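Presented below is the structure to which this report refers.
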Amino acid sequence: MTDAASQSVFGGLSPHEPDGLLALIGACRADARPHKLDLGVGVYRDQHGRTPVFGAVKAAERHLLEMQDTKSYLGPQGDVGFLDALKPIIFGSRGTAGVFGAQTPGGTGALRLAADLLASGRPGARVFIGDPTWPNHPQIFQAAGLRLERYGCFDATTQTADFDATMAALETARPGDAVLLQACCHNPTGADPSLDQWATLARLIERRGLIPLIDLAYQGLGRGLEPDTAGMRRVLEAAPEALVAYSCDKNFGLYRERTGALFVLARDPLHLANAASNILALAGASWAMPPDHGAAVVRVILQDAALSAQWEAELETMRQRLAGMRKALASQATNLAALDGHHGMFVSLPLTPGQVARLRETHAIYCAPSGRINLAGLTPETLSNFTHAYEAVRQASSVGTNVHDR
Ligand SMILES: Cc1ncc(COP(=O)(O)O)c(C=O)c1O
C-alpha cells in the first residue's frame, strides 16, 4: 500500500450498496413496455399515476407568497405555530400537557433526533424495532449508536400481524430500552395491532419500564385522522416518558419539502425541560434549523378552517382510493383475503426474490425485493393484469418454494 493510500480516510470506508428502491425506480423508468407497473416507490399516486400537489397546499403557498414578509432565521425549534397547530390532531383528547415539540426535516429527521436523544440519555441503549419494518429504521438507529433488537410482527404465511411474536420479544426488554412502534399503516405490511392489542402493549410497556418511540408517518391514510392515533394514545397514557416522530410528507403530500416534527412527552416537568433542551442542542448541532417552507404551509392550512376542511377532504379521497384498491386486491387474488383488515399504502406479498424478479422480467411489474407493493401504483384498470401476473409467478414456482427464502 502506498503512503497516500494508507493515509486516506476515505479509502478505509467500506462501500455501501446503493438504495435498492431508487435503482428500481430508475429501471422502471427505463423500461419501454407500455403496460409496465411501478409498485415500488412509496409515494401516493392517483388513478392517473400522478402524485399531485394538494389544492389546500397550493392555496397556502399562494397565501405565503403574498403575506410572508421575512426569511429571517427561526431557531432550532423551527415554526412554533406549526407545532401548536399539529398537536391537537396528534394528541386529541389526551391533551398537550407535558408535551414539547421541535420541527424536523421530515419524519426521518424526527426519528434521527429521537435516536440521538436516546443515545445521549442512555449510551449503549437498546431499541426494539419490528421485523419487518421500514428499511431505513435500522440504519437510522445504528447511525446514532443504539443497539438494535428485533421483534417479530408479521406472519407472511397467513398475511396477518403476529402479535404473539411481538409480545414474546418485548417480554425480554429491560427497563430503559426503547421500543419503536408504527402508529398506523404499517410499512411494509399494512398489518396494524388492534385496539385491544395496543392496550396490551401499553400495559407491557408500563410494566417493563420501556420508552415508546411512536413513528406516525401516515396519519389519515389508514382508518382516518382520529382513529389512526387511537392505539398509540393508549400507549402514551400508560408511559411516563415517550417520543412521537411525525411526518407531514405523506398526509400533506409534501415529500421533498421535508416536513416533520419530534414530540417528547414526560410526566415530570424537570425531565421534560431536560429533554427539550437536549433536543434543541442536538437539532442545532445537526441542521441548525429545519427547512421552513413545508411547515409554514401546514401551519397556514391548519390555522384556517376552510383550508383545513379542504385538506381533510383531499386526504380522505386518498384514503378511500387506497382502501378500495386493498379491498379489490383482497377479493381478487387467491390467499390474500386477510389484506382486507389491513390499512395504508403497503402490502407485503408472500413472494420470493425470484418471484419478484420474474414479475419484473416477464410482466414488467416492479416491486421491492421483499415483496412489498404500494397499492397506490394500482388502478381498477390495472388490477386484473396484476393479479394474473401475481398468480402466474406463484404457480410457476410453487414447487420447492417457501416463504422463508424471501
Ligand atoms: C414508516 C415510515 N416512517 C417514517 C418515514 C419518513 O418520512 P419522511 O422522512 O419522508 O417524512 C417513512 C417514509 O417513507 C416511513 O415509511
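The angle between the Cα long axis of helix 383-396 and the longest principal axis of the Cα atoms of the chain comes to about 70 degrees, rounded to the nearest 10. Considering only LEU146, LEU270, LEU170, the Gaussian network model of the chain with Cα springs below 10 Å gives its largest mean-square fluctuation to LEU270.
Around TYR218, with a cut-off of 13 angstrom between Cβ atoms, what is the net charge of the other residues, counting Lys and Arg +1 and Asp and Glu -1? Walk me through the numbers on the way to the answer.
Numbers: positive: ARG223, LYS250, ARG319; negative: ASP192, ASP215, ASP228, ASP249.
Residues close to TYR218 contribute a combined charge of -1.
For ARG150, the amide hydrogen comes within under 5 Å of the amide hydrogens of ILE129, counting only partners 5 or more places away or on other chains and with H modelled in the peptide plane.
For region 319-396, GluC sites (Glu not before Pro) meeting the loop criterion (DSSP other than H, G, I, E, B) and having at most 13 other Cβ atoms within 10 Å: GLU381. Taken about its Cα centre, region 55-305 carries a charge dipole of about 320 debye when Lys and Arg each add +1 at the Cβ and Asp and Glu each add -1 at the Cβ.
Rounded to the nearest Hz, the phi-derived 3J(HN,Hα) couplings of region 221-238 under the Karplus curve 6.51 cos²θ - 1.76 cosθ + 1.60 (θ = phi - 60°) are 9, x, 9, x, 3, 6, x, 5, 9, 4, x, 5, 5, 4, 5, 5, 5, 7, where x marks glycine and proline.
Using just its DSSP H runs of length 4 or more, each adding -39500 (n - 2.57), the chain gives a mean residue ellipticity at 222 nm of -14000 deg cm²/dmol after division by all residues. When Rg and Dmax are taken over the Cα atoms of region 311-406, they come to 13.8, 49 Å.
Return the single residue from PRO123, PRO15, PRO291 with maximal mean-square fluctuation; model: Gaussian network over the chain, springs between Cα atoms under 10 Å. Judging by the Gaussian network model, the answer is PRO15. With the Cα gyration tensor of region 166-227 giving a ≥ b ≥ c as the square roots of its eigenvalues, does the rule (a/c under 1.5 for rounded; else a/b larger than b/c for prolate; else oblate) give rounded, prolate or oblate? Prolate. Ordering THR387, THR189, THR70, THR172 by the number of other Cβ atoms within 10 Å of each residue's own Cβ, fewest first, gives THR70, THR172, THR387, THR189.
Close lysine pairs were tallied over the chain: pairs 8 or more places apart or on different chains with Cα atoms under 24 Å apart number 6. Residues TRP198, TRP311 in ascending order of nearby Cβ atoms (within 10 Å, fewest first): TRP198, TRP311. Largest mean-square fluctuation among LEU83, LEU236, LEU383, in a Gaussian network model of the chain whose springs join Cα atoms under 10 Å apart, belongs to LEU383. For ILE211, the residues whose amide H sits under 5 Å from its own are GLY176, ASP177, ALA178, VAL179, ignoring neighbours fewer than 5 places away on the same chain, with H placed 1.01 Å from N.
The separation of region 189-247 from region 64-117, counted between C-alpha centres, amounts to 20 Å. The trypsin sites (Lys or Arg not before Pro) of region 62-97 that DSSP puts in a loop, and whose beta carbon has at most 14 other beta carbons within 10 Å, are LYS71. According to the calculation over all Cα-Cα pairs in the chain, the P(r) per 10 Å bin from zero is 5, 21, 30, 26, 14, 4, 0 %.
All of the numbers you see were taken from the coordinates with simple rules; none came from a lab. Quick caveat: nothing in here was measured; it's all calculated off a predicted structure. FYI the Cβ positions are ideal-geometry reconstructions off the backbone, even for glycines, and counts take in every protein chain you see.
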